[in-house]
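These notes are about the structure you will find just below.
The values are calculated or read from the model by the stated rules, or taken from the named source; none is laboratory data. In this text, all values refer to a predicted model and were calculated from it rather than measured experimentally. Here the Cβ positions follow ideal geometry from the backbone for every residue, glycine too, while neighbour counts run over all protein chains shown.
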Amino acid sequence: MLAATILGSSMAFLDGTVVNVALPALQNAFHASITDVQWIVESYALMLAALLLVGGSLGDIFGRRKVYVFGVVVFAVASAWCGLARNIDMLIWARSIQGLGAALLLPGSLALITASFPEKTRGQAIGTWSGSSAITAAIGPVIGGWLIEYSTWRWVFFLNLPLALAVLLLSTKVPESRNQKASHHLDWPGALLITLGLGGITYALIEWPARTRHRGYLVMAAATVGAVALAGFIAVEHRSRAPMVSLKLFRSRNFAGANLLTLFLYASLGGLMFFFPMDLIQIQHYTATQAGAAFLPFIAIMFGLSRWAGGLVARYGSRLPLTIGPLVAACGLALFALVTQRGSYWTTFFPAVMVMGLGMTISVAPLTTTVMNAVPDSESGLASGINNAVSRLAALLAVAVFGAVLVMVFNHSLDQFLDQLALIPNVRAQVDAARPQLAAAHNPDPILQRAIAESFLSGYRVVIWIAAGLAALSALVAWLLIESGAPADSSIQ
């Protein structure tokens, strides 16, 4: 049973890390713009963030194993579709279906463990599940990078198919379970509004740089629809009999503060994870395998020190580790912006990865503990789901916002370079036509190629500094909103 849940959730975790390494290869294969590349990630993240809580509710009502298996099938079919995609639009649509499958299977994996294991062995089972997920997150990008380098990016998606088959075979021995007390009223209006709201805002942020001079009204319309839908979502959740997001949980100061911290901290991490592989592959000319392995020290630190970090709240309370951890992470992010872009990995990026990993390790376990202790035990499952959805939402917004910032800085910097060179019109037009590809743009003139690379680095550094600022802001949130005493003191009464 445990193997079935580990393999299923590993597919989703694997996909979330491997695809970032594959993005430069996808850009080359489809001659894709940065907007296209953002949608490859965002179409998946949007469906996952919006429907994660609905997926958990469906399992409670109709059977966790049934919904879990259905999610695995949807994810596998979508993965095959991704691998067979012949154009960028097909790939983006397939990725959105992948996100739907992940929203169904991810809540079910942990819920099946909770329902199938007695309390005495449940903690060990969850620990095994978490550890296996961490190992998958570490090994996945390396395997994916090797497949991209020596075969094709398509195998990044085909890799899910044997895993899905193994899960389906193992799931035949998993007992069915459901929540007999669960309300059979699903919050479909809330799910529709949150999807429409996040979709509208995401579309506006991603498409804004490309459409400011052409059909800008579409961006404004999308932003307006998104804002109205999000306002409607809050109103619906306030009045719903079975809300997808219970707003009363946010009356807890610790719960509200922890989720705001999650939003800022995971946005900084999401932005780094999206753009760092582009820097390594397109600017530093790392191989896909090397880029996939670059974050191994980060995973190793989190895996090795997670048990120690889990005890920090009991020893020091929530506020101190949740202030120090994000501050250390902010220092790590600052190192990514400050390090020279020349030299070996060990003297450039390795120290930044190590410091970032230490900061996230100090933060993650205490953050989870704070969220769970901030609410009554009867609400712990919903609280965990909300916090997980917030972390997914953070990555969704980060890729959209940071992408828009990077494009603006890139264009401004490139304009300055080109103005100094006084190019003839047709050469200037060639460079301008390749702008949407950012660092993936190739020019035979070494001076122009360097101008493209330097312009990308200008935008990349601005984005990383913003990410460092968000991490520091999350530390401030912890200091101001998280109570220093025992976490249980802030539970909802």
### Query
Checking residue 63 against (1) closer than 30 Å to residue 442 by Cβ; (2) surrounded by fewer than 23 Cβ atoms within 10 Å (Cβ to Cβ); (3) among the small types (Gly, Ala, Ser), which test does it fail?
(1)
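Given the residues 363, 413, which is the only one that is farther than 24 Å from residue 295 by Cβ, part of a helix (DSSP H, G or I) and either in contact with an Asp or Glu (Cβ under 6 Å, 6 or more places away or on another chain) or among the hydroxyl-bearing types (Ser, Thr, Tyr) (or both)?
That would be 413, the only listed residue that is farther than 24 Å from residue 295 by Cβ, part of a helix (DSSP H, G or I) and either in contact with an Asp or Glu (Cβ under 6 Å, 6 or more places away or on another chain) or among the hydroxyl-bearing types (Ser, Thr, Tyr) (or both).
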### Residue count for the range 231-251, restricted to those that are part of a loop (DSSP other than H, G, I, E, B) and farther than 28 Å from residue 370 by Cβ
1
### Message
Need pairs with beta-carbon distance below 6 Å; first residue in contact (Cβ under 8 Å) with a residue 12 or more places away in the chain and within 16 Å of residue 107 (Cβ to Cβ) and within the range 38-65, second among the hydroxyl-bearing types (Ser, Thr, Tyr) and surrounded by fewer than 23 Cβ atoms within 10 Å (Cβ to Cβ); sequence gap 6+ or separate chains.
### Response
47/96; 50/195; 64/177
### Task
Might you let me know whether the range 67-77 holds any residue that is assigned to a helix (DSSP H, G or I), surrounded by fewer than 24 Cβ atoms within 10 Å (Cβ to Cβ) and among the hydroxyl-bearing types (Ser, Thr, Tyr)?
no
### Task
Could you list all residues from the range 408-456 that are touching a residue at least 40 places away in the same chain (Cβ under 8 Å) and over 21 Å from residue 275 (Cβ atoms)?
none
### Task
Select, from 291, 267, the only residue that is under 23 Å from residue 440 (Cα atoms) and of a type in the set (A, V, I, L, M, F, W, C).
291
### Query
Within the set of pairs 6 or more residues apart or between chains, which connect a residue that is modelled with pLDDT under 90 inside the range 161-181 to a residue that is of a type in the set (A, V, I, L, M, F, W, C) and not in a helix (DSSP H, G or I) with Cβ atoms less than 9 Å apart?
170/1; 171/1; 173/1; 174/1; 175/1
#### Entry: Candidate set: the range 86-103, residues that are in contact (Cβ under 8 Å) with a residue 40 or more places away in the chain and more than 19 Å from the chain's Cα centre (by Cα); chosen: the one surrounded by the fewest Cβ atoms within 10 Å (Cβ to Cβ)
87
### Task
Starting from the range 304-322, keep only residues that are under 15 Å from residue 478 (Cα atoms), then list their pairs with residues that are among the aromatic types (Phe, Trp, Tyr) whose Cβ atoms are within a distance under 8 Å, requiring at least 6 positions of separation or different chains.
319/479
### Task
Would you be able to tell me the number of residues in the range 11-37 that are more than 19 Å from residue 144 (Cβ to Cβ) and out of contact with any Asp or Glu (no Cβ under 7 Å at 6 or more places or on another chain)?
4
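Could you check the range 405-443 and list, in sequence order, the residues that are surrounded by fewer than 22 Cβ atoms within 10 Å (Cβ to Cβ) and under 18 Å from residue 41 (Cα atoms)?
405, 436, 437
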### Summary
Inside the range 41-95, the number of residues satisfying the requirement of being in contact with a Gly (Cβ under 7 Å, 6 or more places away or on another chain) and aromatic (Phe, Trp, Tyr) is 3
